[in-house]
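K.L.:
Below is one structure. I have some questions about it.
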Amino acid sequence: MISKEYGNYTFICDICGAGSDEEFETFQDAVDAKGDIGWKSKRMSGEWADVCPECIELEGREES
Ligand SMILES: [Zn+2]
């Protein structure tokens, strides 16, 4: 999910709960930068979740 803290937007991983190191001034900036910082949207239980690079990597390992 995208979370607003201290006036800036950050990503919170919907799998492990880790926060992104990066902060963004606007919601749109965060959405635009998501791929650049290695985060992905993933459909989980019918809802879109934001997933951190570590969890993406773990899932990739399980699949291969
Ligand atoms: Zn994660």
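K.L.:
Restricting the search to the range 5-29, which residues are of a type in the set (A, V, I, L, M, F, W, C) and away from the ligand (no atom under 16 Å from the Cβ)? I'd like the intermediate steps shown before the answer.
P.N.:
From the range 5-29, those of a type in the set (A, V, I, L, M, F, W, C) are 11-13, 15-16, 18, 24, 27; that's our starting set.
Of everything in the range 5-29, those that are of a type in the set (A, V, I, L, M, F, W, C) and away from the ligand (no atom under 16 Å from the Cβ) turn out to be 24, 27.
K.L.:
Which of the residues belonging to the range 30-57 are away from the ligand (no atom under 15 Å from the Cβ) and polar (S, T, N, Q)?
P.N.:
The one that is away from the ligand (no atom under 15 Å from the Cβ) and polar (S, T, N, Q): 45.
K.L.:
Given the residues 19, 38, which is the only one that is touching a helix residue (DSSP H, G or I) at 6+ places or on another chain (Cβ under 6 Å) and modelled with pLDDT of 95 or more?
P.N.:
Working: 19 fails: touching a helix residue (DSSP H, G or I) at 6+ places or on another chain (Cβ under 6 Å).
None of the others qualify; the one that does is 38.
The values are calculated or read from the model by the stated rules, or taken from the named source; none is laboratory data. None of these values were measured; they are calculated from a predicted model. So basically every Cβ, Gly included, is an ideal-geometry build from the backbone, and we count neighbours across all protein chains shown.
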